[in-house]
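Working notes for the structure below.
We did not get these values from a lab; they are worked out from the coordinates using the rules stated. The structure presented is a predicted model; accordingly, all values stated were derived computationally and were not measured. Neighbour counts run over all protein chains shown; Cβ positions are idealised from the backbone, glycine included.
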């Protein structure tokens, strides 16, 4: 059976040279990431990206609590940034093997830079996309996932 | 919907891989007619989809969950890139 796995494709053009656009995106990701999205029970003070292969992407609360939700895979300034996205459909951190990937490319366009973002391998997070035996009975594993799944499916069925 | 243990077991089995009624009945302590009945309920709820495979019908989980995840992430990145655009304009304005 073949099927097309959905992915996210988004672009934006910014009025900065490629080098600067890359630097702003990677060094000031804190200002870019929508603040209301996070996994922590306390307000996020900042988001930090360690811009090197294997580097962590994490949210940090005012009290110093950290939540690691990404892992940098590739950094090729000023053209490419790729990182693993560890946040599952229930906004819980999942193991690395269940991560999807985000690729951001920076290309010159006129006086500015065209930034293309692709978030793919989304099915890695989903049911059947990798066995998660350890998570099967956990509060954040199948029970929660299936409840959410049912909720989503219910909405769709009612539409 | 999933509070029924049989339906829950069926969904978990289908999460591993698509299966026909006979496979589900063979694996689970549920009779074949009962499996069919549960699948009918799950199908009506949009949780599972069926497709013919030769002479059999194979049931699988509806990919709606991945679609829903996609929509969430699409909204997330739309906002992030809008933030980036605004921030880049500010950075440009601050240049000497």
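Values computed for the structure shown
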read-out	value
Peptide B:16-24 - average C-beta neighbours from other chains (10 Å radius)	1
Relative contact order (%) - segment A:8-128, alpha-carbon pairs under 8 angstrom, separation at least six	27 percent
Crossing angle, helix B:5-16 versus chain B [Cα axis fit, 0-90 degrees, rounded to tens]	60 degrees
Tilt relative to chain B, helix B:32-44 - C-alpha long axis, 0 to 90 degrees, to 10	30 degrees
For B:43, A:33, order by how many other beta-carbon atoms lie within 10 Å, fewest first	B:43, A:33
For A:31, B:14, order by how many other beta-carbon atoms lie within 10 Å, fewest first	A:31, B:14
15 Å reach of a label modelled at residue B:6, 7 Å along Cα-to-Cβ, counting backbone N of segment B:24-61	B:24-43
Label-to-label distance, nm, for residues given as residue A:82 and residue A:48 (7 Å Cα→Cβ offset)	2.6 nm
Per-residue mean of C-beta atoms belonging to partner chains within 10 Å, peptide B:81-94	6
Degrees between helix B:64-93 axis and first principal axis of chain B (Cα, 0 to 90, nearest 10)	0 degrees
In nm, spacing of pseudo-spin labels at residue B:17 and residue A:66 (7 Å Cα→C-beta vector)	4.0 nm
Sorted by Cβ neighbour density within 10 Å, fewest at the top, the residues A:100, A:116	A:116, A:100
